[in-house]
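The values are calculated or read from the model by the stated rules, or taken from the named source; none is laboratory data. Because the structure is a prediction, the values reported are computed rather than measured. Glycine also receives a Cβ, built like all others from the backbone with ideal geometry; neighbour counts cover every protein chain displayed. Quick note on the areas: whole protein, heavy atoms, side chains included, nothing else; ligands and nucleic acids left out. Shrake-Rupley method; radii C 1.70, N 1.55, O 1.52, S 1.80 Å.
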Amino acid sequence: MITVTDLYKNFGRLAVLRGVSCHIKEGEVVVVIGPSGSGKSTFLRCLNHLETITSGEIVIDGIRLTDRETDINKIRREVGMVFQRFNLFPHKTALGNITLAPVTVKGMPLSEAEKLGRRLLAKVGLAEKADAYPDQLSGGQQQRVAIARALAMEPRVMLFDEPTSALDPEMVGEVLAVMKDLAREGMTMVVVSHEMGFAREVGDRVFFMDEGCIVEEGTPAEIFGNPRHERTKAFLSKIL
Amino acid sequence: MSYTFQWYLVQNNMPKLLAAALVTLELTALAIAIGVVLGLLVSLARMSGVKPLAWVASAYVDFFRGTPLLVQIFLIHYGVSSFFGYTPVPFISAVAALGINSGAYVAEIFRGGIQAVDRGQMEAARSLGMSWGQSMRHVVIPQAFRISVPALGNEVIALLKDTSLVAVISVVELMNQGRLIVGRTPRYLEVYLTIAILYFVMTKSIAFLVGRLERRLKTGDHGNRPL
């Protein structure tokens, strides 16, 4: 589904990613952990080309992101993204947030898009909030709308960039529950998160990143229970 | 020495002054319409990342903000007449000069507004597969516009006052009508005082309307919603 080969990303002279390679299979849930500044978010953002990569290759669903002819907007339709700070459109209702992209990008008729939108809102447990504006919703509700918004484009991969770290503790659960449902439905997911419970329960694999590299990868049981690298051990001892 | 106010002249000429004030409002409305359209295009051009486009847009903004409006009015009116060999209708020249001048200021207002919209908004839109243009149109610009309303209000007020300059190419707006009246009967103080008051009433009304729009955008935020 996703193959990354020798990915480098520099910001000016700062090397943020230094040779990341990995392969993510269809339906797999990968949780990326690591200290701040380790390049986790940058890695995720490279996957849907929010960052232009310096060198290396990313292939998603058989399409090379780095090819000049590749229509990047087409890739982005296949790859949904959920942000730490939700980034809902404040001038649109929950439903309006969801219908915007299907209508403008896919040319879906509004009535059909609204039907889809209401179905997705029901899926994330917010059927009654269709007409609410983002500032009328709690953080957890906003993030669930953001997930529904990404799903409206029927992506084949979902990327989550620390989806719960801007939330009050009591709201983390409702967002994770939605993500767990998605994982169970077979969605391919790459999740940057330190929610160990989530990683253990639904994660197929865990990547530990440090200083721009994937230092260690394995099943959640392996990484959390029996880390091999010193850096992984040091990091886990701090957060567990 | 004492001055005796004689208001009969103003009284007799009130219909003329009011008609001229209407011309002032027309000039303002047409010029701001041009200014907003031009300003939006220019601000987008400056941020498009297309080098030649950005360069032309910057040059336009620099030139029209860096030279006196009075010079621009002469330049456009007489420039056209010497270049194309016919003298344009003064009203048209006036609207063009004011609109093009205003466009430079509005471009800067919109640029500030667009830059004030959180970067995450563009990223979210792009991550959904929307193009740069679609993201701008549906996500960034509506928010930037809301941010820009107070500054746009100031621009309308400044523009309304600037319309008095087009008196020099003999457009009969409020200022010029005043000059014509005192040219016949020199009661300067009465006439110019009246004109000042008429300008003030117009700018104050605009400020009031903008203030209301601002409040509605802030509290109502998204139109009529129950809360």
Give me a comma-separated list of calculated 3J(HN,Hα) values for the range B:181-187, in order, Karplus coefficients 6.51, -1.76, 1.60 applied at θ = phi - 60°, integers in Hz, x for any Gly or Pro.
5, 6, x, 8, 10, x, 9
Bridge type composition, the protein assembly as shown - antiparallel percent by DSSP, nearest 5:
55
Non-local residues with an amide H under 5 Å from the amide H of A:L167, with H modelled 1.01 Å from N and Pro and chain starts lacking one, are none
Evaluate peptide B:116-126: per residue, the Cβ atoms of other protein chains within 10 Å of its Cβ; return the mean as an integer.
5
Per principal axis, largest first, the Cα atoms of the range B:1-64 extend in Å by 64, 29, 11
Interface A/B, total buried accessible area with a 1.4 Å probe, nearest 100 Å²?
2000
Interchain or sequence-distant (5+) residues whose placed amide H lies within less than 5 Å of the amide H of A:V29 are A:M189, A:D204, A:R205
What Kirkwood hydrodynamic radius do you get for the range A:1-158 when you take the inverse of the mean 1/r over all pairs of distinct Cα atoms, in Å?
16.9
Just add up the charged neighbours of A:G34: K/R +1, D/E -1, any other residue whose Cβ is under 12 Å from the Cβ of A:G34.
-2
So who's got an amide H within less than 5 Å of the one on A:M81, skipping anything under 5 residues away but keeping other chains? H placed 1.01 Å off N, in plane.
A:L159
Shape call for the range A:101-240, from the Cα gyration tensor axes a ≥ b ≥ c (a/c under 1.5 means rounded, otherwise prolate when a/b beats b/c, else oblate), comes out prolate
Inter-label distance for A:E170 and A:D204, nm, one decimal - labels placed 7 Å from Cα along Cα-to-Cβ
3.7
As a test of the definition: which semi-axes, in Å, follow for the range A:42-121 when you take the square root of five times each eigenvalue of its alpha carbon gyration tensor? Largest first, please.
28, 16, 10
Other chains near B:129-137: what is the mean number of their Cβ atoms within 10 Å of each residue's Cβ?
5
Rounded to the nearest Å, the spacing of the alpha-carbon centers of the range A:1-54 and the range A:60-78 is 16
For the pairs A:K180/A:K233; A:K74/A:K238; B:K16/B:K204; A:K40/A:K115; A:K74/B:K51; A:K106/B:K218, note any where the Cα-Cα span goes beyond 29 Å.
A:K74/A:K238; A:K40/A:K115; A:K106/B:K218
How big is D, in µm² s⁻¹, for chain B by Stokes-Einstein at 4 °C and 1.567 mPa s if Rh is the Kirkwood radius over C-alpha pairs?
65
Counting only DSSP beta bridges with both partners in chain A, the antiparallel fraction in percent, to the nearest 5, comes to 55
For chain A, what is the accessible area per residue in Å², given a 1.4 Å probe and the full set of protein chains?
42
Would you kindly give the portion of the calculated P(r) for the protein assembly as shown that falls above 28 Å, as a percent of all Cα pairs?
62
Expressed as an acute angle from 0 to 90° and rounded to the nearest 10, what is the orientation of the C-alpha long axis of helix B:188-215 relative to the principal long axis of chain B?
20
Taking A:145-153, B:92-100, A:5-13 and ranking on average Cβ neighbours within 10 Å, highest first, one gets A:145-153, B:92-100, A:5-13
Using the Cα gyration tensor of the range B:53-170, with a ≥ b ≥ c the square roots of its eigenvalues, what is the shape: rounded (a/c below 1.5), prolate (a/b larger than b/c) or oblate (neither)?
prolate
Leaving ligands, DNA and RNA out of it, report the carbon-plus-sulfur percent of the accessible area of the protein assembly as shown at a 1.4 Å probe.
58
So if we plug the beta-carbon distance of A:N73 and B:A158 into 1/(1 + (r/R0)^6) with R0 = 30 Å, what FRET efficiency do we get, rounded to 0.05?
0.15
Among A:E51, A:E26, what's the order by accessible area (1.4 angstrom probe), most exposed first?
A:E26, A:E51
Which ³J(HN,Hα) values in Hz, rounded to whole numbers, follow from the phi angles of the range B:43-57 under the Karplus curve 6.51 cos²θ - 1.76 cosθ + 1.60, where θ = phi - 60° and Gly and Pro get x?
5, 5, 4, 5, 9, 5, x, 7, 3, x, 4, 5, 5, 4, 4
Label model pair A:R64, A:L14: point-to-point distance (7 angstrom along the Cα→beta-carbon line) in nm is 3.0
Å² per residue, accessible surface of chain B at 1.4 Å
53
Using R₀ = 25 Å, calculate the FRET efficiency as 1/(1 + (r/R₀)^6) where r is the Cβ-Cβ separation of A:E112 and A:R184; round to 0.05.
0.40
For peptide A:66-76, compute the average count of partner chain beta-carbon atoms within 10 Å of each residue's beta-carbon.
2
Label-reachable residues, the range A:187-222, where backbone N falls under 11 Å from a point 7 Å from A:K233's Cα toward its Cβ:
none
